[in-house]
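Notes follow once the structure below has been shown.
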Amino acid sequence: MPAIFTQEEREALRRTMLDAGWHCLLERGYRATRVEDVAREAGIAPGTFYGFFKSKSEFVAEMVAENRRVLMDELYDMISQAKRRGRTPERGELDAWMRAAWHSDRAIFRCVDDADFRKIRRALPGDVSMGPELAGGMLASVADAVRAAGGEPDAELAASLQRVCALTLLARDEFAPAALERTVDALIDATLDALYGRSGRCDERVDGDE
C-alpha cells in the first residue's frame, strides 16, 4: 500500500530528493545515476521516488526547473529593489548573480553532456529553459530596465553569449579546468557589456516607488 504523506511531508521529501539528485549527478554523472542511487541518498525506498516522479528524466527536469525558479526569484527581487530606489539593477549586482549561477554546482550544464542535455530538455515544460538565458525572460527584464533608463542594450548579443556559455560548459572536457572557468568569466563579462555597455553605466533614473 502506498505511503500517505501530508502536503508538508511531501514538500519536504521532494526537496530532499532534489538535493540528493544534485549530489548524485555531480558524483556519478547523468547516465550513471540511477533512481536507486537517488533513493538511497535521500533515505527513501525507490517506490517512494516513483510516487513523485515517473522517470529519471522527469526528475532531473524538475531539478532544472526548481533551480531556475530560485534564480528567477533572486533576479526579480534584485530588479524590484532597484526599481523601488528609482534605478536599474547595477552592473555589479547582475555580475554577482550571473557568476553565482554559472559557477554553481547546480548549473545543469556542468553535470551533463550534450546528448544528456537534449534528452532532459525534451522533458522540460515548454516555458522552462535550461539556464539563465535571456530568451527565457530572465535577463530580458534587465535589458528592459536598462532600455527604459536610456541605455541601448544589445539583447540579441547577450542571449547569444549566454547560449555560448552553456555550450562551453557542455564541452568542458575539451578545456583545462582553469581555462574553462576563465572562458565562462569572459563570456559573463561580454554579456554584461552587451547589456550595459563597456562603461557599465546607465546614469538616467527610472520611475519607481519611493
**OP:** Divide by every residue of the chain the summed helix terms, -39500 (n - 2.57) for each DSSP H run of at least 4, and state the resulting mean residue ellipticity at 222 nm, rounded to the nearest 500 deg cm²/dmol.
**Re:** -20500 deg cm²/dmol
Original post:
Which chymotrypsin sites (Phe, Trp or Tyr not before Pro) does segment 17-102 hold that lie in a coil by DSSP with at most 16 other beta carbons within 10 Å?
Top reply: Phe52
Original post:
So how tilted is helix 7-28 from the main axis of the chain? Cα-based, degrees 0 to 90, rounded to 10.
Top reply: 80 degrees
Original post:
Counting other Cβ atoms within 10 Å, which trypsin sites (Lys or Arg not before Pro) in segment 28-64 have at most 16 and lie in a DSSP loop?
Top reply: Arg31, Arg34, Lys54
Original post:
What list do you get for Arg110, Arg84 if you sort them by fewest beta carbons within 10 Å?
Top reply: Arg84, Arg110
**OP:** Return the ratio Rg/(2.2 N^0.38 Å) for segment 1-102, where Rg is computed over Cα atoms only.
**Re:** 1.38
Subject >> Cut-off 11 Å, label 7 Å out along Cα→Cβ of Phe175, residues of segment 76-103 by amide N >> reply: 103
Subject >> Between helix 138-148 and the chain: long-axis angle, C-alpha atoms, 0 to 90°, nearest 10 >> reply: 10 degrees
Subject >> Sum of side-chain charges, Ala123 neighbourhood, beta-carbon under 12 Å (Lys, Arg +1; Asp, Glu -1) >> reply: +3
Original post:
Summing Lys, Arg as +1 and Asp, Glu as -1, what charge do residues with Cβ under 12 Å from the Cβ of Leu187 carry, Leu187 excluded?
Top reply: -1
**OP:** Express in nm, to one decimal, how much length is gained between Asp105 and Arg40 on full extension, taking 0.36 nm for each residue of separation and deducting their alpha carbon distance.
**Re:** 21.3 nm
Original post:
Where does helix 155-170 land angle-wise versus the long Cα axis of the chain, in degrees 0 to 90, nearest 10?
Top reply: 40 degrees
Subject >> Charge-dipole axis of the chain as Lys and Arg at +1 and Asp and Glu at -1 on Cβ define it, positive-most pick from Leu18, Phe53, Val164 >> reply: Phe53
Original post:
Quick one: if the Förster radius is 41 Å, what FRET efficiency do Thr48 and Ala148 give, using the C-beta to C-beta distance and rounding to 0.05?
Top reply: 0.25
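Bear in mind these aren't lab numbers, they're just calculated from the coordinates by the rules spelled out. Model, not experiment: these values are computed from the prediction. All Cβ positions, even for glycine, are placed from backbone atoms using ideal geometry, and neighbour counts span all protein chains on display.
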